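Reading through the C-alpha cells given below for one structure.
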Amino acid sequence: MTNKDLADLLFPNVTKTIEDYEKIYPERQLKEGTIVSRFAPSPTGRVHMGNLFASFVPEVFARQTDGVFILRIEDTDAKRAIENGIELILDDLKNYNYKIDENPIDGGNYGPYIQTERKEIYDAFAKYLVSIGRAYPCFCSEEDLTNMRSEQEAKKERIGYYGKYAKCRNLTYEEVKAHLDNGDKYVIRLRSQGDFNKKIIFKDLIKGTIELPENDLDQVIIKSDGIPPYAFAHVVDDHLMRVTHVTRDDSYISSVPYHMELWEAFNFKKPKFAHLLPLCIKDGETVRKISKRKDPEAAVSFYHERGIPKEAIKLYFATLLNSNFEEWYLQNQDKSYRDFTFTFNKMSKSGPLFDLDKLLNISRNYISRLTKDEVYDDLLTWSNTYDKDFYNLIIKYKEYTKNILNIERQQKKPRKDYSSYSDIKDQVFYMYDELYNPDNYEWGQITDKKEINTILNLYMEKYYDVSDKDTWFNNIKLLSEELGYAGNMKDYKNNPENYKGSVADVSTVLRVAITSKSMTPDLYEIMRLLGKDRIEERIKKLEKEI
Ligand code: GLU
C-alpha cells in the first residue's frame, strides 16, 4: 500500500487536488514590487490600538504599491470567537478609512476569507502531504501524550512529539485502517524532516537575519475535530491568497522554523516576513506591551470620546512606523501620510512606545491646519455623540461658530489651541451667552475694582471702535495714555516709574472683563464677533458684581 492509498483512506471525500486550487486561485497579475498584505485577526472583539497599528502597517504598504490588502478572519479557535466579531473588526477598520480590498463581507476572488469556511481546502492540502509521505495520522490519546511528557521530563529531554517519541510515525496502512474501523479519534501530523541541531537562517524585513534551530516536531496539522491549527491554515491561506508580505506580531518568530518546513514541504514560494513589535507603553519604570485590560488608552473608544481625529491617530502611527516620517512631514504639512514612501528597514527594532502627549501634539497641529468648515463638521460629528448640548448650540449658531473656529486659523502659523474636539467648548465658552456664567475673573496686574471700572467705562464711552484692527488698537493706546498708562511697551520699559502700568495691563482688563480669561485668541476678533451690545451687557453686569 502506498502513501497515496493512505491519503485516500483518510480523506475519501476530498476530490480536489492542490493543483485544482492553484487554478482556482491563480497568481495575481501584478507589477513587480507590488505588495499583497493581510491582517489576520481572531474575531475576539473590537479592534484596540494594538490591532489598529498592526493593521495600519500592511494597509499602508499595500496602498503605496497599488497592491492588495486582505482582511482574513482566523477563527479556528472557536473558544475565542465572539458573536458579530467579524462585522465589528471590519467596521472599526473602515471607520479609519483603511481600504480593504478583500474581506469576508465584501468578498474577493481569493476567498472565503474566514478560516472555518475553508475546511475543504485545508483537507485537500493535508491529503496532499499524506500522499507524499510528509504527513500521517496519529491516534495517540491524551493519556499517551501525558505519559510521553512525563517520560521526557524525567529524562530531562526536550518536550514534544518527535523522533523516537513519535509513536504513530510508522503505523502501517493496516494498523491505520484498524484504528479507523474502530472509530478511534486521530489527528494528522506533519512528518518533520528537520534536525534540531541544525540551524535555519531567514531574513526578517524588520529584524534582519535570524538564526533558529530547525523544527523537528511532528506538529498537528489537522486536529481531531477536522480543523487545522493556525500554523497550517495560515501557510495554505497565505499561499492561495498570493500574499507577498506577512506582517504579524513578533511572538510568531519562534514558530518560523516550523512554518518554513511547511512552506518547503509544499514547495511553495515563500512570502517575505516582517515581524512587528507590539505597541508598548511606559508603566512606571518599565516598558511593556499595551494591554486591553490594563490601559484605558488601549481602547479605540478612548480617542473617540475625546474627539481625537482619526487622521491624527494615523499620522501618529506613521511616526511610529518610520523614524524618518516625522521630519518629512514637518516639511510637507499639507500632504497626507499616504504621500510618504514607507520602508520596512526604517522600522524600529525595539517596541514602538505609545506616547499620548505626542499623539495630542500631532492632533493639535493637525486640527490647526484644517479649514473652519472642516473643524466645524468634525466638531458637529463629535458633539452629536458626546456633547448634545454643545451640538445643539453650534447648530443654532452655525456661521457664528465657524467664525469663532476661524480666529487666527487661516494664517501662516495658525493657533494650536485644540488637541481634540472635546477641548473646544472649554476654550470658547465665553463666545456663547448660554455658556458664559463666570464665577472667576482672571485679573492681571490691575485688580483694583474702581480702576477696572474707570478703564471699562471710559473705553465704552469714548474708545470703543472695532471697525478695523489698527483703529481698535490705537484706541486702546489712547485710552491707556489718558489714564496714565504707557501707550507702548518701549516707553514703559524705559521709564516704568512714570506710569501706572502699560497698554498691556489695560488690554488685559478689557480681555478679562469680556471673556473672564486672561489668555484668549485675538481679542479684536473676539470683540468683533461678540458685538457691542453683548460686550456692553457683560461690562454692566460686571460693574454690579465687583
Ligand atoms: N490570527 C493571528 C492573531 O490573531 C494572526 C497571525 C498572522 O497574522 O499570521 O494573532
*Length gain on complete extension for the stretch E117 to N494, per 0.36 nm per residue less the alpha carbon to alpha carbon distance?*
127.4 nm
*By how many degrees, 0 to 90 and rounded to 10, does the Cα axis of helix 85-95 deviate from the longest principal axis of the chain?*
40 degrees
*Which value in deg cm²/dmol, rounded to the nearest 500, describes the helix-derived mean residue ellipticity at 222 nm for the chain, given -39,500 (n - 2.57) per DSSP H run of n ≥ 4 and division by the residue count?*
-13000 deg cm²/dmol
*Divide, for the range 252-292, the radius of gyration over alpha carbons by 2.2 N^0.38 Å, where N is the residue count.*
1.77
*Quick one: dipole size for the range 353-427, taken about the Cα centre, charges +1 on Lys/Arg Cβ and -1 on Asp/Glu Cβ, in debye to the nearest 20.*
320 debye
*Give me Rg over Rh for the range 428-489, both radii from the alpha carbons and Rh done the Kirkwood way, two decimal places.*
1.02
*Would you mind working out the magnitude of the charge dipole of the chain relative to its Cα centre, with +1 at each Lys and Arg C-beta and -1 at each Asp and Glu C-beta, to the nearest 20 Debye?*
900 debye
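For the range 122-220, how big is the tail of P(r) above 15 Å, as a whole percent of Cα pairs?
More than 15 Å apart: 69 percent of the Cα pairs in the range 122-220.
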*log10 I(q)/I(0), Debye, Cα-only the range 266-393, no solvent, q = 0.11 Å⁻¹?*
-0.51
*Please report, as a whole percent, how much of the solvent-accessible surface of the chain comes from carbon and sulfur atoms (probe radius 1.4 Å).*
46 percent
*Taking H placed 1.01 Å from N in the peptide plane, check which residues at least 5 places from R38 or on another chain put their amide H under 5 Å from its amide H.*
I70, T247
*Separation between the Y436 and L478 pseudo-spin-labels, each 7 Å from Cα along Cα→Cβ, expressed in nm?*
2.5 nm
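Report Rg/Rh for the range 50-165, rounded to two decimals, where Rg is the Cα radius of gyration and Rh the Kirkwood radius.
Details: Rg = 20.3 Å, Rh = 18.0 Å.
Rg divided by Rh gives 1.13.
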*For the range 29-99, build the charge dipole from Cβ charges (+1 Lys, Arg; -1 Asp, Glu) around the Cα centre, then report which of I73, G85, S37 sits farthest towards its positive end.*
S37
*Among S422, L353, N403, whose Cα sits farthest toward the positive end of the charge dipole of the range 337-428 (+1 at Cβ of Lys/Arg, -1 at Cβ of Asp/Glu, about the Cα centre)?*
L353
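Using 1/(1 + (r/R0)^6) with R0 = 51 angstrom and r between the beta carbons of F268 and T385, what's the FRET efficiency to the nearest 0.05?
0.60
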*Go through the range 1-30 and name the GluC sites (Glu not before Pro) that are in a DSSP coil and have 10 or fewer other Cβ atoms within 10 Å of their Cβ.*
E27
*So in the chain, what percent of DSSP beta bridges are antiparallel if you round to the nearest 5?*
55 percent
_Return the unpartnered cysteines for the chain, using a Cβ-Cβ cut-off of under 4.7 Å._
C140, C280
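Assuming R0 = 45 Å, can you tell me the calculated FRET efficiency for the pair R46 and T2, based on Cβ-Cβ distance, to the nearest 0.05?
Details: r = 50 Å, r/R0 = 1.12.
Plugging the Cβ-Cβ distance into 1/(1 + (r/R0)^6) gives 0.35.
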*asked:* Using the Cα atoms of the range 322-451, I'd like the radius of gyration and the largest Cα-Cα distance, Dmax, both in angstrom.
replied: 19.2, 68
*For the range 101-169, run through the trypsin sites (Lys or Arg not before Pro) and keep only the ones in DSSP coil with at most 16 other Cβ atoms within 10 Å of their Cβ.*
K155, K156, R158
*Size of charge dipole - the range 433-546 - debye, nearest 20, with Cβ of Lys, Arg +1 and Asp, Glu -1, no other charges*: 120 debye
*Which one of N453, L320, I200 is farthest out on the positive end of the charge dipole of the chain, using unit charges on Cβ (Lys, Arg +1; Asp, Glu -1) and the Cα centre as origin?*
I200
*Can you tell me the 0 to 90 degree angle between the C-alpha axis of helix 230-240 and the longest principal axis of the chain, rounded to 10?*
80 degrees
*Starting with the highest mean, order 511-517, 177-183 by the number of other Cβ atoms within 10 Å, averaged over the residues of each peptide.*
511-517, 177-183
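For K164 and S254, calculate 0.36 nm times their separation in residues minus their Cα-Cα distance, and state this gained length in nm to one decimal.
30.1 nm
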*In the range 252-273, which residues have a backbone nitrogen under 11 Å from the label point lying 7 Å from I132's Cα in the Cα-to-Cβ direction?*
262-269
*asked:* For the pair K94/K416, report the inter-label distance in nm, with labels modelled 7 Å from Cα in the Cβ direction.
replied: 3.5 nm
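Translational diffusion coefficient of the range 6-55 at 25 °C, 0.890 mPa s, Stokes-Einstein with Kirkwood Rh over Cα pairs, in µm²/s as a whole number.
This corresponds to a translational diffusion coefficient of 161 µm²/s.
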*Sorted by average packing, counted as other Cβ atoms within 10 angstrom per residue and highest first, what order do 390-403, 286-299 take?*
390-403, 286-299
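Going highest first, how would you order 432-439, 328-335, 501-508 by mean Cβ packing within 10 Å?
501-508, 432-439, 328-335
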*With θ set to phi - 60° and the Karplus curve 6.51 cos²θ - 1.76 cosθ + 1.60, what are the ³J(HN,Hα) couplings of the range 347-354 in order, to the nearest whole Hz, using x for Gly and Pro?*
8, 5, 8, 10, x, x, 8, 7
*Expressed as a whole number of Å, what is the distance separating the alpha-carbon centroids of the range 1-24 and the range 66-108?*
30 Å
*Residue-wise HN-Hα coupling along the range 438-451, computed from phi with Karplus coefficients 6.51, -1.76, 1.60 (Hz; x: Gly, Pro)*: x, 10, 8, 10, 8, 4, x, 4, 8, 10, 5, 4, 5, 5
*For the chain, what is Rg from Cα atoms divided by 2.2 N^0.38 Å, rounded to two decimals?*
1.40
*Amide H to amide H under 5 Å from L353: which residues, 5+ apart in sequence or cross-chain, H placed 1.01 Å off N in plane?*
C280
*If r is the Cβ-Cβ distance from D470 to Y230 and R0 is 56 Å, what FRET efficiency results, to the nearest 0.05?*
0.20
*When the C-alpha atoms of the range 204-296 are aligned to their principal axes, what extent does each axis show, in angstrom, from largest down?*
48, 35, 27
*Given a 1.4 Å probe, how much area per residue of the chain is accessible, in Å²?*
50 Å²
*Show which lysines lie in cross-link reach of K177 when reach means a straight Cα distance below 26 angstrom and same-chain residues fewer than eight apart are skipped.*
K4, K16, K119, K127, K164, K167, K185, K223
*Angle, helix 49-64 long axis vs. longest principal axis of the chain, Cα atoms, 0 to 90°, nearest 10?*
80 degrees
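The values are calculated or read from the model by the stated rules, or taken from the named source; none is laboratory data. This one's a predicted model, so the numbers in the text were calculated from it and none came from an experiment. As a convention, Cβ positions derive from the backbone with ideal geometry for all residues, glycine included, and neighbour counts pool all protein chains shown. Just the protein is used for accessible areas: all its heavy atoms, side chains included, with ligands, DNA and RNA removed. Shrake-Rupley method; radii C 1.70, N 1.55, O 1.52, S 1.80 Å.
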